[in-house]
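The structure under discussion appears below in the form of structure tokens.
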Amino acid sequence: MAESFLQRWFPHPLVSVIVGLSWTLLSHSTEAGTLLVALLLAIVIPKMVAPFIDYTPNIQWRPALRLFFVVVWDIVVANLKVAKLVLGPTKNLHPKWFRVPLETEHEEVNTLLAMIITTTPGTVTAGIDQDRGDILVHALSTDDEAAEIELIKQRYEQPLLKIFSAQTGEKI
């Protein structure tokens, strides 16, 4: 199949937009030279990385956008909670390791779930164990391990399953 002009010049349009905007924002300028370099980078960098970017499966964008805002909100709230815990007495800290069972073997779902857990302050993903079917998580402070697991599954894993139209138990 023949590629269109836009597909040839912008193989990954979202990457092009991100690269161009990033350059412009980092330069703190909207002068012609800055915009020209941003356009050049927006063309060259995605073309260079195109062989390394696999096809992205069909994504349900509405749940993805909803999850984005949930994660951003959770990061803000978690930062405040972590600051309160860290600056408060150490007797309030109850660190704990626990395993979150995975509903699917879908790589994108599990990888993004681990990434979301890690970016939310107060929790860190230590690793995904595909053989065991779980993610090892460290929480800075929790008294109810089961509630933390349920929160992760409901707030993050279920939306990810919807975003990628993944079925529970699915292997990809």
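The values are calculated or read from the model by the stated rules, or taken from the named source; none is laboratory data. In this text the structure is predicted, and so the values were computed from the model without any measurement. Cβ sites come from the backbone with ideal geometry, for glycine too, and all protein chains shown count toward neighbours. Note: areas computed on protein heavy atoms with side chains; ligands, DNA, RNA excluded. Shrake-Rupley method; radii C 1.70, N 1.55, O 1.52, S 1.80 Å.
With only Lys, Arg, Asp and Glu charged, each at its Cβ (+1 for the first two, -1 for the last two), find how big the charge dipole of the chain is about the Cα centre; round to the nearest 20 debye. Kindly include the intermediate steps, with their values, before the conclusion.
Details: 14 positive and 18 negative charges, 98 e Å.
Taking the Cα centre of the chain as origin, the dipole is about 480 debye.
Which option, (i) 1.07; (ii) 0.93; (iii) 1.01, is the value of Rg/Rh (Cα atoms, Kirkwood Rh) that was calculated from these coordinates?
Evaluating Rg/Rh (Cα atoms, Kirkwood Rh) on these atoms matches (i).
Leaving ligands, DNA and RNA out of it, report the carbon-plus-sulfur percent of the accessible area of segment 3-50 at a 1.4 Å probe.
Values: 2690 of 3460 Å².
Answer for segment 3-50 is 78 percent, counting heavy atoms of protein chains only.
Would you please give the residues with an amide H less than 5 Å from that of Thr142, counting only those at least 5 places away or on a separate chain, with H modeled from the backbone geometry?
His94, Lys96
Tell me the mean residue ellipticity at 222 nm calculated for the chain from its helices only (DSSP H runs of n ≥ 4, each -39500 (n - 2.57), averaged over every residue, nearest 500). Numbers along the way, then the final one.
Details: 7 runs with 92 residues, N = 172.
Only helices count here, giving -17000 deg cm²/dmol.
Return the carbon/sulfur percentage of the accessible area of segment 59-162, one whole number, probe 1.4 Å, all protein chains in place.
Numbers: 3800 of 6250 Å².
Of all accessible area on segment 59-162, carbon and sulfur atoms account for 61 percent.
Mind checking the per residue accessible area of the chain for me, 1.4 Å probe, whole number of Å²?
On the way: 11550 Å² over 172 residues.
Per residue, the chain has an accessible area of 67 Å².
Convert each backbone phi in segment 92-103 into a coupling constant with the Karplus relation 6.51 cos²θ - 1.76 cosθ + 1.60 (shift: θ = phi - 60°), then list the ³J(HN,Hα) values in order as whole Hz, x for Gly and Pro.
Ordered by residue, 3J(HN,Hα) equals 7, 7, 9, x, 7, 9, 8, 10, 9, x, 8, 7 Hz.
Could you work out how far the C-alpha centroid of segment 126-145 sits from that of segment 92-106, in angstrom?
Distance between centres, Cα-based: 3 Å.
Under the rule of at least 5 residues apart or a separate chain, name every residue whose amide H is placed under 5 Å from the amide H of Ala126.
Leu136, Val137, His138
Give me the angle, in degrees from 0 to 90, between the Cα long axis of helix 13-27 and the longest principal axis of the Cα atoms of the chain, rounded to the nearest 10.
Taking Cα atoms only, the helix is inclined about 90 degrees.
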